[in-house]
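What follows draws every value from the coordinates through simple rules; no lab data is involved. What you see is a predicted model, and the numbers here were worked out from it, not measured in a lab. Note that we place each Cβ from the backbone using ideal geometry, even for glycine, and neighbour counts take in every protein chain shown.
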Amino acid sequence: MLKVLMLHGWGGSDDPHWQAWLAGEIVKNYGTVSFPLLDNPHFPSKNRWMKQVKALLCDFQPEVVICHSLANILWFHLCNEGSITPVKRLLLVAPPHLTCEIETLKTFFPLEAPKNLFAEDILLVTSTNDPYMSTQEALALQKALGVEMKVIENGGHINTASGFGEWPWVKEWVLQ
C-alpha cells in the first residue's frame, strides 16, 4: 500500500487546494495519506515544524513526500541537517526563493540548497509567474539541486488562488 506524506506551506493547504483534493484521491485508490496541519501554520516556526515532521517521518515512514511552498524549505532544512531516512519519491512544488525576506517566515531563511534530498526520484515543479520565485531563481535552484524540473506556464504559486484545486497531473504522478 502506497504511503504518502503531504506537507503544506505557509497558512496550510485546506480544501479546495490541490493538496487537500489529492489526499482524497490517494485514499480513493487505497493509498495511505498523512496530511497533518503543521503547528501554527500562519505564524510558523522552523524548529517546531522540523520537530513535528521528523516525528512523522519516523512514525509514518512514507514512500512518497509531497511538499508545497514553505514545506520545500522545511524539507531542505531537514536534508541539510542530514537526520532523515530517504524516501522513494519526492515532489517539490512551488518553493519560494532561498533568501525570501517575508518577516513572518524569517526563521526559515536564508538557507543553502541541500546537496542530498534523501530521495531516489525527485521532481521540482515551478511556474513562470510565481510571486515567490522567478524563472531565473527556479533554474538556479534546479541546477543547485541537480533534479528534473517541470515548469507550468502562468501557474502562479500553484495553489487555489491560481486555479489549482483538482490537478489530475499530480494524481497521475503520485499513483504511477
Calculated from backbone phi, Karplus (6.51, -1.76, 1.60) coupling profile of region 132-146 in Hz, x at Gly/Pro: 9, 7, 6, 4, 5, 5, 5, 5, 5, 5, 4, 5, 5, 7, x
Cα-based reach from Lys150 at 15 Å (exclusive), listing aspartates and glutamates while leaving out same-chain residues under 8 positions away: Asp121, Asp130, Glu137, Glu172
Vicinal HN-Hα couplings computed from phi for region 147-164 (Karplus, 6.51 cos²θ - 1.76 cosθ + 1.60; Hz; Gly/Pro x): 10, 6, 9, 10, 10, 9, 5, 6, x, x, 8, 6, 9, 4, 4, 9, x, 9
The chain, helix-only ellipticity at 222 nm - DSSP H runs n ≥ 4, -39,500 (n - 2.57), divided by all residues, nearest 500: -10000 deg cm²/dmol
Local electrostatic count, Lys88, Cβ distance below 13 Å [Lys/Arg +1, Asp/Glu -1]: -1
Formal net charge of residues neighbouring Asn47 (Cβ-Cβ distance under 15 Å; K, R +1; D, E -1): +3
Charge dipole (debye, nearest 20) of the chain; +1 at Cβ of Lys and Arg, -1 at Cβ of Asp and Glu: 380
Extension gain, Ala140 back to Thr128 (0.36 nm per residue minus Cα-Cα distance, nm): 3.0 nm
Percent antiparallel among DSSP beta bridges (both partners in the chain, rounded to 5): 0
Region 3-175: relative contact order in percent, alpha carbon pairs under 8 Å with at least 6 residues between: 24
J(HN,Hα) series, region 95-110, from Karplus relation 6.51 cos²θ - 1.76 cosθ + 1.60, nearest Hz, glycine and proline x: x, x, 4, 5, 10, 3, 10, 6, 3, 4, 9, 4, 5, 8, 10, x
Amide proton proximity set for Asn129, modelled H, under 5 Å, gap of 5+: Asn154, Gly155, Gly156
